[in-house]
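A.B. asks: First the structure, then my questions, so here it is.
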Amino acid sequence: MTEQQPGASRFLRTTGQHAEIESDPFTDGGFVLSIGGAEQSHVNLADPGDIFYEYLRRIGHVVDLAAPWGEPITALHLGAGALTLARYIQATRPGSVQYAVELERELLDFVLAQLPLPEGTQLHTVIGDAREALAGLPAELRFDVVILDIFSGPEAPEHIACTEFYEEAAARLTPRGVLIVNVGDEPGLTLVRSQVAALRRAMSDVAAFAEAGMFTGRYPGNIILTGTQGPWPEVWTAALTARGPHPAKVLAGVELDVLSD
């Protein structure tokens, strides 16, 4: 196992920023990835099943429902970060086959060198634009979960934040597969509204999962959108609301109309 080096830094040529990995003084085995001085990801090497950031925990809870507990799945991560969710899936579903797409080669290399993946992780890495990389994957590949974690504010790449891209991602799903999109947005939720509309055109059903106050549109933050290939299961609403983080709220069906464009 590679020795972790708190305080390590790597220059990212694509964005011209520096990535840093530092130990978390409040979590044994915890490390924080920052890019350009802003915290981006948190990893707990001692317990990869423990997710610190609330929005990532919510995504993890959706993944929990995508297949029977503990059953291996196939997962595609569009936007790798510190591979927190890839580690979570390996911890909770050993034997899963995963792919991770990241635009920044230096970032992915840096993360893998400083924060080794759990033993046995089957992760295939792809460097490039998310949409181009998706099209370039072997035609026969299908995924139980496709996770898009690229949007970090009201500005989003137009070629990704659109119905056509979601249709392409949906075509890569297994019959039980779900498409999970993290949307970071500002008050007013302009990006969230546009992505709800785009996902609704690409998927049979869509639900939104977040801290309850986010749906007022008064605060910046993250809302997790999930597209399903059949009707949204009502039992998932109950399960996600119960699992939190609290206070948690799920909007589905006509309730989601409040976020329509």
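A.B. asks: Using just the C-alpha positions of the range 110-261 as equal point scatterers, what log10 of I(q)/I(0) does the Debye formula give at each q in 0.08 1/Å?
C.D. replies: -0.24
A.B. asks: With N set to the number of residues, divide the alpha-carbon radius of gyration of the range 1-128 by 2.2 N^0.38 Å and report two decimals. Present the calculation step by step, with values, prior to reporting the outcome.
C.D. replies: Details: Rg = 14.0 Å, N = 128, 2.2 N^0.38 = 13.9 Å.
So the Cα radius of gyration is 1.01 times the expected 2.2 N^0.38 Å.
A.B. asks: Charges at C-beta only: +1 for Lys and Arg, -1 for Asp and Glu. How large is the resulting dipole of the range 23-175 about its Cα centre, in Debye rounded to 20?
C.D. replies: Working: 8 positive and 23 negative charges, 67 e Å.
Result for the range 23-175 is approximately 320 debye, rounded to the nearest 20.
A.B. asks: With contacts defined as alpha carbon pairs under 8 Å and 6 or more residues apart, what's the relative contact order of the chain in percent? Could you put the intermediate results ahead of the total?
C.D. replies: Working: 532 pairs, mean separation 38.5, N = 261.
Worked out over the chain, it gives 15 percent.
A.B. asks: Quickly rank 7-15, 70-78 as a protection proxy: mean count of other C-beta atoms within 10 Å, highest first. Working shown, then result.
C.D. replies: Details: 7-15: 13.2, 70-78: 20.7.
Packing order, densest peptide first, comes out as 70-78, 7-15.
A.B. asks: Give the relative contact order (percent, whole number) for the range 117-261; include only Cα pairs under 8 Å separated by 6+ residues. Don't skip to the answer; put the middle values down first.
C.D. replies: Details: 231 pairs, mean separation 31.9, N = 145.
Reported relative contact order: 22 percent.
A.B. asks: Hey, what does the equivalent ellipsoid look like for the chain, semi-axes from the Cα gyration tensor as sqrt of 5 times each eigenvalue, largest first, whole Å? Numbers along the way, then the final one.
C.D. replies: Values: eigenvalues 147, 80, 74 Å².
They are 27, 20, 19 Å, listed largest first.
A.B. asks: Still on this structure: Using a 1.4 angstrom probe on heavy atoms only, work out the carbon and sulfur share of the accessible area of the range 1-94 in %.
C.D. replies: Details: 2090 of 4320 Å².
Summing carbon and sulfur atoms, their accessible area is 48 percent of the total for the range 1-94.
A.B. asks: Please work out, to two decimal places, the log10 of the ratio I(q)/I(0) at q = 0.25, 0.26 Å⁻¹ from a Debye calculation in which every Cα of the range 119-206 carries one identical scatterer.
C.D. replies: The computed values of log10 I(q)/I(0) come out as -1.40, -1.47.
A.B. asks: At 222 nm, what helix-only mean residue ellipticity would the chain give, in deg cm²/dmol to the nearest 500, using -39500 (n - 2.57) for each DSSP H run of four or more? Mind dumping the intermediate values first?
C.D. replies: Working: 7 runs with 69 residues, N = 261.
Computed mean residue ellipticity for the chain: -7500 deg cm²/dmol.
A.B. asks: Still on this structure: Ordering Tyr53, Tyr219 from largest to smallest accessible area (1.4 angstrom probe), what's the sequence?
C.D. replies: On the way: Tyr53 35, Tyr219 110 Å².
From most exposed to least exposed: Tyr219, Tyr53.
A.B. asks: Can you give the local net charge around Gly70? Use residues other than it whose beta-carbon is closer than 14 angstrom to its beta-carbon, Lys and Arg +1, Asp and Glu -1. Spell out each step's value before the answer.
C.D. replies: Values: positive: Arg93; negative: Asp64, Glu71, Asp144.
Spelling it out: positives minus negatives among the neighbours equals -2.
A.B. asks: Where both partners of a DSSP beta bridge lie in the chain, what percent of those bridges are antiparallel, to the nearest 5? Walk me through the numbers before you get to the answer.
C.D. replies: Details: 33 of 54 bridges.
Here the antiparallel bridges make up roughly 60 percent for the chain.
A.B. asks: Let me ask another. Cβ neighbours within 10 Å, averaged per peptide: list 202-210, 21-29, 103-111 in order, most packed at the top.
C.D. replies: Values: 202-210: 21.7, 21-29: 14.2, 103-111: 19.3.
Ranked from most to least packed, the peptides come out as 202-210, 103-111, 21-29.
A.B. asks: Here's a follow-up. Less than 13 Å Cβ to Cβ from Ala248, Lys/Arg counted +1 and Asp/Glu -1: what total charge do the surrounding residues give?
C.D. replies: On the way: positive: Arg57, Arg58, Arg243, Lys249; negative: Glu54, Glu211.
Net charge in that neighbourhood comes out at +2.
A.B. asks: Any chance you could give the angle, 0 to 90 degrees and rounded to 10, that helix 234-243 forms with the longest Cα principal axis of the chain?
C.D. replies: Approximately 40 degrees, to the nearest ten.
The values are calculated or read from the model by the stated rules, or taken from the named source; none is laboratory data. Keep in mind it's a predicted model, so treat the numbers as computed, not measured. Quick reminder, even Gly has a Cβ in these numbers, built from the backbone with ideal geometry, and neighbours come from all protein chains shown. Accessible surface areas use protein heavy atoms only, side chains included; no ligands, DNA or RNA. Shrake-Rupley method; radii C 1.70, N 1.55, O 1.52, S 1.80 Å.
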